[in-house]
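Following: one structure in structure tokens, then a few remarks.
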Number of protein chains: 2
Amino acid sequence: MSAKRVVIIGGVALGPKAACRLKRLEPDADVVIIDQDQYISYGGCGIPYFISGDISSVQELMSTSFHMQRTPEFFQDAKDVRVRTRTRALAIDRAGKKVRVLDLTSGGEEDLPYDRLVIATGSIPNKPPIPGIDLPGVTSVSDLNSAIAVKDKISGGKVNTAVIVGAGAIGCEMAEALGDLWGIETHLVEIEQQVLPGILDRSLAGIIRAHLEEKGVQLHLGRRVIEIRAWEPGPPAGIDDTRLAATFGGGGCYEVKTSDGSIRADLVITAAGVRPNSELARSAGLLVAPSGAIVVNRMLQTSDPEIYAGGDCIEIQHLVTGNPVYFPQGSLANRQGRVIGTNLAGGAAEFAGTVGSFAIKIFDLAVASTGITPQSALKCGFDAEPVLVVQADRAHFYPTQDLIYFQLTVDRKTRRILGAQAVGANGDAVIGRINAIAAVLPFKPSIEDISNLEIAYSPPFASALDVVNAAGNTAENILDGLNRPMQPDEFERCFLLDESSDCLCLDVRGPANAAPFVERYGDRWLNIPQETLNRRMEEVPRDKRLLLMCNSGVRSYEAMRQLDRAGIGNTVNVQGGVAVLKKSGAASRRAQD
Amino acid sequence: MSAKRVVIIGGVALGPKAACRLKRLEPDADVVIIDQDQYISYGGCGIPYFISGDISSVQELMSTSFHMQRTPEFFQDAKDVRVRTRTRALAIDRAGKKVRVLDLTSGGEEDLPYDRLVIATGSIPNKPPIPGIDLPGVTSVSDLNSAIAVKDKISGGKVNTAVIVGAGAIGCEMAEALGDLWGIETHLVEIEQQVLPGILDRSLAGIIRAHLEEKGVQLHLGRRVIEIRAWEPGPPAGIDDTRLAATFGGGGCYEVKTSDGSIRADLVITAAGVRPNSELARSAGLLVAPSGAIVVNRMLQTSDPEIYAGGDCIEIQHLVTGNPVYFPQGSLANRQGRVIGTNLAGGAAEFAGTVGSFAIKIFDLAVASTGITPQSALKCGFDAEPVLVVQADRAHFYPTQDLIYFQLTVDRKTRRILGAQAVGANGDAVIGRINAIAAVLPFKPSIEDISNLEIAYSPPFASALDVVNAAGNTAENILDGLNRPMQPDEFERCFLLDESSDCLCLDVRGPANAAPFVERYGDRWLNIPQETLNRRMEEVPRDKRLLLMCNSGVRSYEAMRQLDRAGIGNTVNVQGGVAVLKKSGAASRRAQD
């Protein structure tokens, strides 16, 4: 029997992983990776850090951990895998089991026969239907070529002002990349009313919004880009770099017209998400989902069992909702690559699906998430309840402690945990907590599983009752009706921004903390410290709805229990307390703002 | 019906938690906490940081996150819970449902009637049977009183040299506390041949050992303390502080005789672990396990259903082994306290058990662990395999990356993950990974669950294929026979320390990395870079056992696959590679050392 011939279309993340795994299991396999680009096997998620300058060269994104470049020669020598760059797959002939390819350098075409085929064609950036989106130089940063072009333009001193269209993960990362190290005046335009729409809960998104603004990013939420135009009267003087000229239309400047005013900029980056690059699969008659993603089974076979697909071009199962989902992540691509490699070698490995974990660094804050948000859960038909807690990431008496803003999504009916999201300054601590929740999500954890989740305790690293456990406990209290929550954004709407509301805020913190608020909000903001509440119960008004407030939601919960005992039940507890209001900037917004 | 009377014996961690939870659920309950100490409700695990000076006062260990002191008055005002300090429980009269107590201040005795009783008597430090262990001033640091005395002595400039007996968690933390900020010459004496014996795997313990030595701690492993004596010719001059004199026997200096020489010191701290403080329970006829720990059910009831017990005085179920275990941890005490509080109020909450998670900071390194070590697993009858990997804690191209040394314990027979341990400089990153494993351990995870555990990916926080996933993949490769491992300590024994062994080390790193080793070990250390191995196969000796080496174990695994293909199968892969050998100091130890 001759060696198994395997052709892999796509050489960024999944392709090389599948190839190398296969070769370790079946060294005689004959494996070729083709990619239309000249760059292969790079860390695409590192692009924002390359642009920011944290990573100095693209070579670092293409190097192994032992500092070798993952070039075609490296794959040949170290892995016995052939790589053909600048080679485009034109069509798959399933009956003939061959792939028609075009050599982009020579222009020659040929057929590559296969016994097994892997489609790892990844994603392509969405292009919103905006006039001018195709102007030369209006660009995404979806691959190394575009990233290099953008960085060349920036480092050449050609960019004073930039507009980023879309405040999703890449948009926010790029805002940091441009603003932080390069000092570029950066505008982030988002059609939705929040940053990270669809993937982050509103309360936590408010914290990120405030942080971006604090860092000088010009945020334009709820604004649609209507048109992008080359700015008259033409490019500024001094543009003579022909490479830039070719890429950026003469180094031109742009006018970005939005639904609320125009912004002039030297650089326009689109970051409107990506979609599966599945045209090749579709043309070959493989099953493709309505989302455009290739349909695969758990062994990552397409509707043609001799063709595998994985990475950013496939649809997978969401392990929380049970629904198919398009969730492009370099990490999942790597794990899927190994599964495909095993199966190419005759194994029976499975990829069960995703719990939807992601992490983003945005300036000095980290955001991490797993499972689904309360908003998504409601859409999926769950009786979803958001549970927000704020607590130190280590023992509150340990000097380096900082707050984590942590939210669970809980299903009221089944008391199941559906997801968790967190924001905080200490990224590893934030992400560590989310990873712990992510680990149990496939097992459909109950509230009690989270209340007793065994976070390793030592004062430098955790609280005795960690923020994760506190969130579980709070969820139980809320579902049991002991803690009646009010979300921070609801508090902002019905109290901070509505002076005519007849709610009263009862602040149970110490007088020193409460004083500035009492001064600002007058007799709408009452201060009775929690430890004095039992003996001052007669001072509590019984004819108003009381919004209970402390710094985090913990003492105000205690106060709610005391008030209930005293027969004062028209109360709600503001989740996350003043900590969230301050961090999201709500505490400094007023009705007239 | 009159209010339910609840007496809680012990006011450090579990007692107050149970009391406060009960009061929130059943505000009319009549709750009293008694404690023989004057200090209550403090973070006992913070003691080493108080002694080091990281935490400046004991008040911080007793304060809430909102900076109130948890005094008896605080519990009265804020929680409606009575606390009686300096009140010792003498006996429990189960038939009469009352507790006989002694007021240590007045000397008066009285009976406290109860409807429900909670035993939260905690632990007492083990006192090894060493002559002189009872000398005044030879002390543990098991409570605030002893901690204050030790810190007073240190800050009074009375301690130049200290001996710590026992290199467990507290012993190592104290070594840091004394050495790091105070610059005290610190000797750590341990009867076993490794630090953190019984709780940390040998390979990782070697890393901690090297780090302690690097930080100037004088380690005496494998040495038994035979006697502690007051050092003749008597205490040094200038000791006139009567408080110190009372506590430390005249500020005396000690001679610690060990099985291999004597050490003179101004301070001797015993850190030989703790045992359950269960005498009161035993005397009352409650069921006590052979370990001395009180036996409880999952609702944390003792053999008398009206008496609950929790915290450091009980035995719980180990969720990995299924066996009962004594695992005293402040974090578990807090979680159990809430369960007891719920059940006191008529609920039916359960505490299922522990997966055995812990974390320790030792100078610049963090250690974290969950489940059981390979050594423990073998004792429990598992067919345990250690799986050691070394990988960056974030994308290897991200500037702030650092290595995590990560080990899984895997059962060969069931392919179940039994535990994980990790060491690294970035504590939050290390502990976050262990917490993710801990979260799934109760669900008896398979290797595949770990290979695909969804660590949230972003270059600043994780690798695309995270160290956790890499460990799962390596476990699979080992159990499938593709990767034949050799543990680092075995390599040290049979190669580094045995020059006559006829093994050959085949180093597949680049020449620059390998050169110093080739120079040192001569023709026993052969260098053929992995990417050149296929074309240099004829240089590989076929008559020797080959120990494959790279920097982490990854390229050497690749080489093993290549060698197998070439028919050279007498090879093993040194786990963790040069990274572990260097970090544990093995690479610089020689046969003649």
Would you please name the residue that is nearest to A:LEU280 (Cα to Cα), looking only at residues in the stretch A:293-306 that are crowded, with 19+ Cβ neighbours inside 10 Å and touching a helix residue (DSSP H, G or I) at 6+ places or on another chain (Cβ under 8 Å)? A:ILE294
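Can you go through B:GLU492, B:GLU454 and tell me which one is touching a Leu at 6+ places or on another chain (Cβ under 9 Å) and at pLDDT below 95?
B:GLU492
Any residue that is among the acidic types (Asp, Glu), modelled with pLDDT of 95 or more and in contact with a Lys or Arg (Cβ under 7 Å, 6 or more places away or on another chain) - is there at least one of those in the stretch B:222-238?
Of the residues in the stretch B:222-238, the ones among the acidic types (Asp, Glu) are B:227, B:232.
If we keep only those that are modelled with pLDDT of 95 or more too, we end up with B:227.
From what is left, the residues that are in contact with a Lys or Arg (Cβ under 7 Å, 6 or more places away or on another chain) are B:227.
Yes: one or more hits.
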Output the residues belonging to the stretch A:14-46 that are modelled with pLDDT under 95 and at the interface with chain B (Cβ under 10 Å from one of its Cβ atoms). A:TYR42, A:GLY43, A:GLY44, A:CYS45, A:GLY46
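Looking only at residues in the stretch B:307-323 that are more than 14 Å from chain A (Cβ to nearest Cβ) and crowded, with 18+ Cβ neighbours inside 10 Å, which one is nearest to B:ILE47 (Cα to Cα)?
Here is the first cut: in the stretch B:307-323, the residues more than 14 Å from chain A (Cβ to nearest Cβ) are B:307-309, B:313-315, B:321-323.
Still in the list and also crowded, with 18+ Cβ neighbours inside 10 Å: B:307-309, B:313-315, B:321.
On the way: B:ILE307: 30, B:TYR308: 27, B:ALA309: 24, B:CYS313: 20, B:ILE314: 22, B:GLU315: 24, B:THR321: 31 Å.
Residue satisfying both the conditions and the ranking: B:CYS313.
Here's the yes/no breakdown for (1) open to solvent by less than 40 Å² (accessible area, probe 1.4 Å); (2) closer than 28 Å to A:VAL296 by Cβ:
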site	(1), (2)
A:ASP93	no, yes
A:VAL99	yes, yes
A:LEU102	yes, yes
A:TYR114	yes, yes
A:ILE130	yes, no
A:SER146	yes, no
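Would you point out the residue of the stretch A:471-487, among those that are more than 10 Å from chain B (Cβ to nearest Cβ) and either open to solvent by 10 Å² or more (accessible area, probe 1.4 Å) or part of a loop (DSSP other than H, G, I, E, B) (or both), that is nearest to B:VAL12 (Cα to Cα)? Show your work before the answer.
So in the stretch A:471-487, the residues more than 10 Å from chain B (Cβ to nearest Cβ) come out as A:471, A:474-475, A:478-479, A:481, A:484-487.
The next check asks that each one be either open to solvent by 10 Å² or more (accessible area, probe 1.4 Å) or part of a loop (DSSP other than H, G, I, E, B) (or both); those that pass are A:474, A:479, A:481, A:484-485, A:487.
Numbers: A:THR474: 23, A:LEU479: 29, A:GLY481: 29, A:ARG484: 30, A:PRO485: 30, A:GLN487: 34 Å.
Of everything passing the filter in the stretch A:471-487, A:THR474 is nearest to B:VAL12 (Cα to Cα).
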Just name the residue that is farthest from the other protein chains (Cβ to nearest Cβ) out of those in the stretch A:340-366 that are open to solvent by less than 10 Å² (accessible area, probe 1.4 Å) and β-branched (Val, Ile, Thr). A:ILE340
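Can you name every residue in the stretch B:546-555 that is under 20 Å from A:LYS79 (Cα atoms), over 32 Å from the mean Cα position of the chain (by Cα) and more than 10 Å from chain A (Cβ to nearest Cβ)?
Here is the first cut: in the stretch B:546-555, the residues under 20 Å from A:LYS79 (Cα atoms) are B:548-555.
Subsequent filtering for residues that are over 32 Å from the mean Cα position of the chain (by Cα) retains B:548, B:555.
Answer for the stretch B:546-555, where residues must be under 20 Å from A:LYS79 (Cα atoms), over 32 Å from the mean Cα position of the chain (by Cα) and more than 10 Å from chain A (Cβ to nearest Cβ): just B:LEU548.
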Quick check on my filter: what residues within the stretch B:134-177 are closer than 22 Å to B:GLN36 by Cβ, in a loop (DSSP other than H, G, I, E, B), in contact (Cβ under 8 Å) with a residue 60 or more places away in the chain and charged (D, E, K, R)? B:ASP143
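Limited to the stretch B:442-461, what total is found for residues that are in contact (Cβ under 8 Å) with a residue 40 or more places away in the chain, at the interface with chain A (Cβ under 7 Å from one of its Cβ atoms) and not aromatic (Phe, Trp, Tyr)? First the steps, then the outcome.
Residues of the stretch B:442-461 in contact (Cβ under 8 Å) with a residue 40 or more places away in the chain: B:442, B:450, B:459-461.
From what's left, at the interface with chain A (Cβ under 7 Å from one of its Cβ atoms): B:459-461.
Filter again for not aromatic (Phe, Trp, Tyr), leaving B:459-460.
Final tally of qualifying residues: 2.
Scanning for something more than 24 Å from B:ALA210 (Cβ to Cβ), within 14 Å of chain A (Cβ to nearest Cβ) and not in a loop (DSSP other than H, G, I, E, B), does the stretch B:567-589 turn up at least one residue? Even if it seems obvious, please write down each step before you answer.
Going through the stretch B:567-589, the residues more than 24 Å from B:ALA210 (Cβ to Cβ) turn out to be B:567-571.
From the residues that got through so far, the ones that are within 14 Å of chain A (Cβ to nearest Cβ) too are B:567-569.
Next cut, not in a loop (DSSP other than H, G, I, E, B) only: none.
No, the stretch B:567-589 contains no residue that is more than 24 Å from B:ALA210 (Cβ to Cβ), within 14 Å of chain A (Cβ to nearest Cβ) and not in a loop (DSSP other than H, G, I, E, B).
Considering each of A:ALA586, A:ALA559, A:ALA579 in turn, give the residue that is crowded, with 16+ Cβ neighbours inside 10 Å and at pLDDT below 95. Let's see the steps before the verdict.
On the way: A:ALA559 fails: at pLDDT below 95; A:ALA579 fails: at pLDDT below 95.
It is A:ALA586.
Give the number of residues within the stretch A:533-566 that are assigned to a helix (DSSP H, G or I) and not aliphatic (A, V, I, L, M).
Number of matching residues: 13.
Please specify each residue of the stretch A:503-532 satisfying the condition of being assigned to a strand (DSSP E or B) and touching a residue at least 40 places away in the same chain (Cβ under 8 Å).
Within the stretch A:503-532, the subset assigned to a strand (DSSP E or B) is A:504-507, A:525-527.
Passing the criteria: A:LEU504, A:CYS505, A:LEU506, A:ASP507.
For the structure I just gave you, tell me whether A:PRO516 is of a type outside the set (A, V, I, L, M, F, W, C), more than 9 Å from every other protein chain (Cβ to nearest Cβ), surrounded by fewer than 16 Cβ atoms within 10 Å (Cβ to Cβ) and closer than 22 Å to A:ILE207 by Cβ.
Details: of a type outside the set (A, V, I, L, M, F, W, C): yes; more than 9 Å from every other protein chain (Cβ to nearest Cβ): yes; surrounded by fewer than 16 Cβ atoms within 10 Å (Cβ to Cβ): yes; closer than 22 Å to A:ILE207 by Cβ: yes.
Answer is yes for this residue.
Give the residue, chosen from A:ASP543, A:ASP523, A:ASP564, that is closer than 17 Å to A:LEU504 by Cα, of a type in the set (D, E, K, R) and within 14 Å of chain B (Cβ to nearest Cβ). Please lay out each step first, then the result.
Values: A:ASP543 fails: within 14 Å of chain B (Cβ to nearest Cβ); A:ASP523 fails: within 14 Å of chain B (Cβ to nearest Cβ).
Criteria check complete, one pass: A:ASP564.
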Report yes if some residue within the stretch A:319-331 is more than 18 Å from B:TYR457 (Cα to Cα), of a type in the set (A, V, I, L, M, F, W, C) and assigned to a loop (DSSP other than H, G, I, E, B); otherwise report no. yes
Within the set of pairs 6 or more residues apart or between chains, which connect a residue that is open to solvent by 50 Å² or more (accessible area, probe 1.4 Å) inside the stretch B:204-229 to a residue that is among the aliphatic types (A, V, I, L, M) with Cβ atoms less than 6 Å apart? B:ARG209/B:VAL195; B:GLU213/B:LEU219; B:ARG224/B:ILE191
From the set of residues in the stretch B:385-422 that are within 24 Å of A:VAL440 (Cβ to Cβ), open to solvent by 10 Å² or more (accessible area, probe 1.4 Å) and in a loop (DSSP other than H, G, I, E, B), which is farthest from the other protein chains (Cβ to nearest Cβ)? B:THR414
Taking the conditions exactly as written (over 22 Å from A:GLN391 (Cα atoms) and within 33 Å of the chain's Cα centre (by Cα)), does A:ARG484 satisfy them or not? no
Does B:SER552 fit the bill of being open to solvent by 10 Å² or more (accessible area, probe 1.4 Å) and not charged (D, E, K, R)? yes
Filter the stretch A:50-86 for residues that are out of contact with any helix residue (DSSP H, G or I) (no Cβ under 7 Å at 6 or more places or on another chain) and of a type in the set (Val, Ile, Thr); the one that is least open to solvent (accessible area, probe 1.4 Å) is A:THR64
Need the failing condition index for A:SER463 against (1) buried (at least 20 other Cβ atoms within 10 Å of the Cβ); (2) over 30 Å from A:THR400 (Cβ atoms), just the number. (2)
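Identify all residues within the stretch A:368-383 that are more than 16 Å from A:ARG202 (Cβ to Cβ) and buried (at least 24 other Cβ atoms within 10 Å of the Cβ); write none if there are none. Show your work before the answer.
Step one: list which residues in the stretch A:368-383 are more than 16 Å from A:ARG202 (Cβ to Cβ), which gives A:368, A:370-371, A:380-383.
The answer is A:ALA368, A:THR370, A:GLY371.
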If I ask for residues that are outside any helix (DSSP H, G or I) and of a type in the set (A, V, I, L, M, F, W, C), which ones from the stretch A:424-454 would you list? A:ALA425, A:LEU453
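In the set B:ALA439, B:ALA425, which member is within 14 Å of another protein chain (Cβ to nearest Cβ) and within 14 Å of B:SER357 (Cα to Cα)? If you could, list the steps in order and put the result at the bottom.
Values: B:ALA425 fails: within 14 Å of B:SER357 (Cα to Cα).
Answer to the check: B:ALA439.
Out of everything in the stretch A:167-202 that is among the small types (Gly, Ala, Ser) and open to solvent by less than 10 Å² (accessible area, probe 1.4 Å), what residue ends up being farthest from A:ILE55 (Cα to Cα)? So that I can check it myself, show each step before the final result.
If we filter the stretch A:167-202 for residues that are among the small types (Gly, Ala, Ser), which is where we start, we get A:167-169, A:171, A:175, A:177, A:179, A:183, A:198.
With the extra rule that they be open to solvent by less than 10 Å² (accessible area, probe 1.4 Å), the set shrinks to A:167, A:171, A:175, A:177.
Numbers: A:ALA167: 23, A:GLY171: 18, A:ALA175: 16, A:ALA177: 11 Å.
Result: A:ALA167.
The values are calculated or read from the model by the stated rules, or taken from the named source; none is laboratory data. No experiment lies behind these values; they were computed from the predicted model shown. No Cβ is skipped: glycine too gets one built from the backbone with ideal geometry, and neighbour counts run over all protein chains shown. The accessibility values were calculated without ligands, DNA or RNA, using every heavy atom of the protein model including side chains. Shrake-Rupley method; radii C 1.70, N 1.55, O 1.52, S 1.80 Å.
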